[in-house]
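These notes are about the structure you will find just below.
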Amino acid sequence: MSQSGAEDSTIERFGYRLSGIVERWMPSPFLFAILLTYLVFGTGLILNQTGTIEPAAGNGTVGPVEMIEFWFNGFWGFLGFSMQMVVILMTGFVLAYHPAANKLLARLARLPKTPHQAVVLVAGFSMVVAWIHWGFSLILGAIFAREMGRAAHERGIDVHYPLLCVAGYMGLGLTWHWGWSGSAPLLLTDETEVGDGTAFAVVSDPVPVTETILHPYTITLTILSILFAITVLYLITPSGERARGITEYIPANELYETGTDGGQGTLEANEPDTGKTVPAERINNSRVLGGLLAGAGVAYIFWILLTEGIEVWDLNTINFAFLMAGILVWTNPSTYREKFGEAASAAAGIILLFPFFAGIQGMMADSGLASAIAELIIGLSTVQTFPIFTWLAAAILNLFVPSGGGQWIVMGPSILEAADQLGIEFGHATMAFAVGEAHTNLLNPFWAIPLLAITRIRAREMFGYAAVMLLALFPFLTIVLYLLPYSVF
């Protein structure tokens, strides 16, 4: 053991105690969604009955039947967007489970020599990859956390496995919405989603990613946040007797099992049987057919980026790019299809919960609760404090509507209208929203469902440390959002 309990720092003890409280009280993700449904139903009903808020349509009072109608109508309101999110997750899953990715993670897991180094490496990796693709980061971060836990067990390093899992989740809790797969900035690049006749009528022209994702403001914010996060994780890493290794959560005899839960060797086991000579099998496993198709798809992405510019980057483009990239690295169509079948298990929780959170979103939007929250908080702001209040508004609503794109559809119009009145750039306002939308993912277990399946840990066992990170980020983000300029870049 590297340290005795008496030598633990104050911040380390705080993190350990808070994790214990959360472990005792936090419900499962599905029950979390059910409890939030009741909470939003009751709040929306009471505030409407008392005249505190008005329904979005502005006609009549809202009673229990109307709230149930709002819930039902919202339940299936974003099936198209849900499919986009599932595809992002599944394409990331398939790429993350390629043997080359697994071998890379196995090598990286051998680098740390201390528990602190192990946690920092997993977190930094997760946050950087999330900037590229949130689905890729969610799966790859989970696999890396499990691989790091296994390597630490083999080498006798006392690393706390729940904190490793939080480190693997940090990409979803901090950097994903500032990157290439960020829902809000990508939605504004679509000319059919902005302008007259849309919810974003205040935005006359599409907002290119050069004003959001690739703006120096966002890049600087991302770098500073990653450095701060890994510093906090380093400080709260338990050691000595408080460090609970991976074998307290996964039996030692199951660490090397195959399967889509992160076990090594799952991929090679699915290689096609080259002894089969049936023509249909040869066609199914033709690397030429798969490679040509994927090569054409990837080439097309490069062509439209060169001819139309980076502004063409949107959700459909990124999904197409990663879908083709997956076929290109696997080349074998049959194996690629099998990988997608395995990815479906990782997406199952999201497919189940997304309609429930969409129903919550429907109640919040149609009852007027969402716009009231946004307008109240943003209405208190000035030009200087607008990014802070936008972040807080998004962070609060994210607890009830954990879909970045769905939340942006509810809040985005109010945020951009307020920004327009204050003379704040739309790109600046959008990225301030993205800060809050990601931040409270560290408290809402919705997006952690695939990670929980891969790491074999329960939400309540890891979200105590996620809550510590959420609290630590409050003062940091307040200062950075207040002081970091946008227009001077």
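The values are calculated or read from the model by the stated rules, or taken from the named source; none is laboratory data. Note that the structure is predicted; figures quoted are calculated from it, not measured. Counting neighbours? That spans all protein chains shown, and the Cβs are built from the backbone with ideal geometry, glycine included. Side chains included, ligands, DNA and RNA excluded: accessible areas come from the protein's heavy atoms. Shrake-Rupley method; radii C 1.70, N 1.55, O 1.52, S 1.80 Å.
What separates the Cα centres of region 291-340 and region 343-387 is a distance of 31 Å. If you sort Leu452, Leu111 by accessible surface, 1.4 Å probe, largest first, the order is Leu111, Leu452.
Give the carbon-plus-sulfur fraction of the accessible surface of the chain in %, rounded to a whole number; probe 1.4 Å, heavy atoms of protein chains only. Carbon and sulfur: 64 percent of the exposed surface of the chain.
With the convex hull drawn around the C-alpha atoms of the chain, the volume per residue stands at 157 Å³.
Might you tell me the accessible area per residue for region 59-189, computed with a 1.4 Å probe and given in Å²?
Numbers: 3970 Å² over 131 residues.
Ligands and nucleic acids excluded, the figure is 30 Å² per residue.
Applying a DSSP loop filter and a limit of 16 other Cβ atoms within 10 Å to the GluC sites (Glu not before Pro) in region 152-243 leaves Glu191.
Which whole number in µm²/s is D for region 87-126 by Stokes-Einstein, with the Kirkwood Rh taken over Cα pairs at 4 °C and 1.567 mPa s?
Details: Rh = 11.3 Å.
For these conditions, the coefficient is 115 µm²/s.
Rounded to whole Å, give me the distance from the Cα center of region 445-477 to that of region 126-188. Measuring centre to centre over Cα atoms gives 11 Å.
Can you tell which of Ile479, Met411, Ala101 lies farthest toward the positive end of the dipole of the chain, using +1 and -1 charges on the Cβ of basic and acidic side chains (Lys, Arg; Asp, Glu)? Selected residue: Ala101. Charged neighbours of Phe386, selected by a Cβ distance under 15 Å, balance to -4 (K, R count +1; D, E count -1). Which one, Ala325, Trp180, Met67, is farthest towards the positive end of the dipole of the chain when Lys and Arg carry +1 and Asp and Glu -1 on their Cβ? Among Ala325, Trp180, Met67, the one farthest towards the positive end of the dipole of the chain is Ala325. In the chain, helical runs assigned H by DSSP with n ≥ 4 each contribute -39500 (n - 2.57); averaged across all residues and rounded to the nearest 500, the mean residue ellipticity at 222 nm is -22000 deg cm²/dmol.
Can you tell me, using C-alpha contacts under 8 Å and at least 6 residues apart, the relative contact order of the chain as a whole percent? Numbers along the way, then the final one.
Numbers: 818 pairs, mean separation 133.7, N = 489.
Relative contact order here is 27 percent.
With a 1.4 Å probe rolled over the protein heavy atoms of all chains, the accessible area of Tyr217, Tyr300 falls in the order Tyr300, Tyr217, largest first.
Taking the Cα centre of the chain as reference, the dipole from Cβ charges on Lys and Arg (+1) and Asp and Glu (-1) amounts to some 1620 debye. How much of the pair distance distribution for region 349-414 lies past 16 Å, counting alpha-carbon pairs only, in percent? So the portion of pairs separated by more than 16 Å is 42 percent.
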